[in-house]
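These notes concern the structure reproduced below.
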Amino acid sequence: MESSETNIERGASDRLLRAVEDVTAFPILTEDIGSIGTAGTASPGASPGRSSYDGLVKNTLREVLNWGPRSFQDPKGFASALTQSFEIKEVAGRTVTTHVPRSYVMQVQSDGGAVTGAQASIWARAQAAVQQCLPLLEGLYPLQTDSDPEDLSATVATLRMGLTQLVDELGRQGGPRPQRVDSLFDLMLGIEITGQPVTTFNSDQVGGQLGLLRDRLGFELSRVNNAEEEKNLTNFLILADHVFALWMSWSALRTYFDRKGSDVFLGPQFVLLSRAFAVIAEQVRETYFTLDSVFVGPAERETTLLHFHHNEPALTLAELLEWAERFASEEAPQLMREAGKDGVIAFRPTLHRLVRLFEQAVSLSRRSSHNPSPGVHTRRVGNALDSVLLQLRSAENLAQPLSRTPHPSIEAAEKENENPLIFRIEGKNFQAQAHVHLCLYDRSADSVEASRVHFGSGSTLWATFSQEIGPGDWSLLVTNPDGARSLREHVLILPVPLKPEARKNR
């Protein structure tokens with residue numbers, strides 16, 4: 001029998017050989033990025049001047065309207081993009097038109113713009129605190145005669161930068177980056193987020209740049225000789241207390257910005273979703289170009305069928321890509337703008353369906369067969385489809401926490417019967433008509449849906465699987481009707497049965 005190392009080396013050699021064959025079988029096409037349209041490259045017969053103008057027009061439309069025209073015979077799509085990207089108002093008897101970039105149109109329109117909830121709270125507090133801190137910082141003077149003015153100037157400049165950067169970061173669209181905020185507080189206070197509540201503060205023990213400033217200014221109570229010097233020391237105490245209070249507020253609210261669980265606010269999450277959808281549309285356009293590079297043009301994409309499993313009807317490659325692009329650039333953003341959180345809940349099943357279809361499309365691309373076309377089986381096309389899938393999954397993860405109802409949570413899953421396979425699922429926030437699937441741990445595209453789900457209560461479900469379950473490491477997935485899901489890993493592990501030859505060898 002061949003060793004596993006030999007099989008691994010042979011697999012790596014085969015993959016390298018296929019990659020070399022891709023490069024040698026198909027040309028490496030280069031093109032001006034500005035001339036890449038939604039449907040692929042410019043027509044070969046077009047003159048250089050016309051091609052460059054076509055690219056300029058398409059690129060400008062995409063930048064101004066965030067609209068990738070599939071053809072110039074889509075008046076409804078153009079009118080919708082135009083309406084959403086320009087704001088029309090009557091001012092003093094005349095019409096004023098203002099261009100509103102799409103990345104901002106999709107934000108929550110409120111006094112705080114896209115900064116809402118916990119972020120707006122701590123950002124407003126930081127703005128007010130820093131407005132008071134900066135004059136205090138600039139007005140401090142040393143209580144000892146041997147202080148180095150250049151050292152003091154460097155410390156003050158560092159603290160000034162830390163305070164202003166903190167306000168900018170807390171007001172960042174899409175939410176502050178926790179690591180960045182942590183590092184700024186560590187810079188100024190010399191403390192880190194530990195997860196333990198801290199309620200006491202002593203200016204004599206503060207570290208970081210504030211501690212360095214205290215030492216370089218000689219701020220000790222024994223050096224205070226008159227009321228003016230005591231006021232100077234008091235200003236430092238107020239400055240340090242403001243920064244420490246901000247750190248305590250951040251420690252309490254940090255969980256809202258770690259992008260884990262369901263504790264998210266609408267405004268920052270909408271910004272992240274809008275960016276994710278823009279990337280999906282961009283990845284689809286790059287996939288068109290990649291397909292052109294292996295001679296799978298627009299006409300062939302319209303006839304290249306992708307045969308899915310699990311009773312999914314076949315789709316052409318063009319239909320799947322066009323669906324993903326239109327969903328990401330038009331449908332999902334429009335639902336977010338017009339229906340808010342309900343819109344996200346509404347498009348979440350579609351997003352999940354696209355993820356499943358692209359998982360199977362990537363699998364089809366990387367398998368050898370006579371259908372789809374040979375060019376679709378190249379590594380470069382498989383990687384392009386996989387890039388679209390990666391961005392769809394990212395958007396799905398961002399949309400998942402937004403819900404009007406509490407998210408389900410699986411706390412235990414016990415097998416109650418073998419044939420048919422029945423699981424008793426314990427947890428919370430289950431809803432009637434919930435769906436239950438068994439999913440392979442390492443291949444989410446392979447799943448088996450329960451033939452019957454009995455709703456006992458919000459904390460108990462019974463799922464019956466009448467289908468045969470193959471070998472593998474299976475996870476249990478509960479999906480509520482609103483699309484909110486909970487996954488419990490490693491609930492069923494079935495080994496691969498040994499072949500007769502292997503049993504004899506044993």
The listed residue being among the aromatic types (F, W, Y) and not in a helix (DSSP H, G or I), out of F308, F277, F327: F308
Top-ranked residue of region 209-229 - restricted to ones that are touching a residue at least 60 places away in the same chain (Cβ under 8 Å) and not in a helix (DSSP H, G or I), ranked as farthest from A240 (Cα to Cα): V224
Criterion: part of a helix (DSSP H, G or I) and more than 20 Å from the chain's Cα centre (by Cα) - qualifying residue of Q334, Q360: Q360
Selection within region 291-317 - more than 30 Å from V344 (Cβ to Cβ) and under 27 Å from the mean Cα position of the chain (by Cα): L291
Options V344, V271; residue that is out of contact with any helix residue (DSSP H, G or I) (no Cβ under 6 Å at 6 or more places or on another chain) and either surrounded by 16 or more Cβ atoms within 10 Å (Cβ to Cβ) or free of Cβ contacts under 8 Å to residues at least 24 places away in the same chain (or both): V271
In region 125-179, residue surrounded by the most Cβ atoms within 10 Å (Cβ to Cβ) [restricted to those that are assigned to a helix (DSSP H, G or I) and in contact with a Pro (Cβ under 6 Å, 6 or more places away or on another chain)]: L170
Test: residue in region 442-453 that is more than 23 Å from F308 (Cβ to Cβ), in contact with a strand residue (DSSP E or B) (Cβ under 8 Å, 6 or more places away or on another chain), assigned to a strand (DSSP E or B) and at pLDDT 85 or above: yes
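Here's the yes/no breakdown for (1) within 21 Å of L487 (Cβ to Cβ); (2) modelled with pLDDT under 85; (3) not assigned by TED's automatic domain parsing to the domain that holds H490:
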residue: R356; (1), (2), (3): yes, no, yes
residue: R379; (1), (2), (3): no, no, yes
residue: E414; (1), (2), (3): yes, no, no
residue: F430; (1), (2), (3): yes, no, no
Residue under evaluation A346, criteria (1) at pLDDT 90 or above; (2) under 19 Å from the mean Cα position of the chain (by Cα), criterion not met: (1)
Pair list, Cβ under 9 Å, 6 or more apart: region 231-247 residue in contact (Cβ under 8 Å) with a residue 24 or more places away in the chain, other residue among the β-branched types (V, I, T) and in a helix (DSSP H, G or I): H242/V130; L246/I122; L246/V130
Qualifying positions in region 363-384 - of a type in the set (G, A, S) and either in a helix (DSSP H, G or I) or under 26 Å from the mean Cα position of the chain (by Cα) (or both): S363, S365, G375, G382, A384
Any hit, region 311-324, residues being part of a loop (DSSP other than H, G, I, E, B), at pLDDT below 85 and either hydroxyl-bearing (S, T, Y) or surrounded by 20 or more Cβ atoms within 10 Å (Cβ to Cβ) (or both): no
Check on A81, over 30 Å from N225 (Cβ atoms) and either assigned to a helix (DSSP H, G or I) or at pLDDT 80 or above (or both): yes
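The values are calculated or read from the model by the stated rules, or taken from the named source; none is laboratory data. Keep in mind the model is a prediction, meaning the values are calculated, not measured. Heads up, the Cβs are rebuilt from the backbone with ideal geometry, glycines too, and the neighbour counts pull from every protein chain shown.
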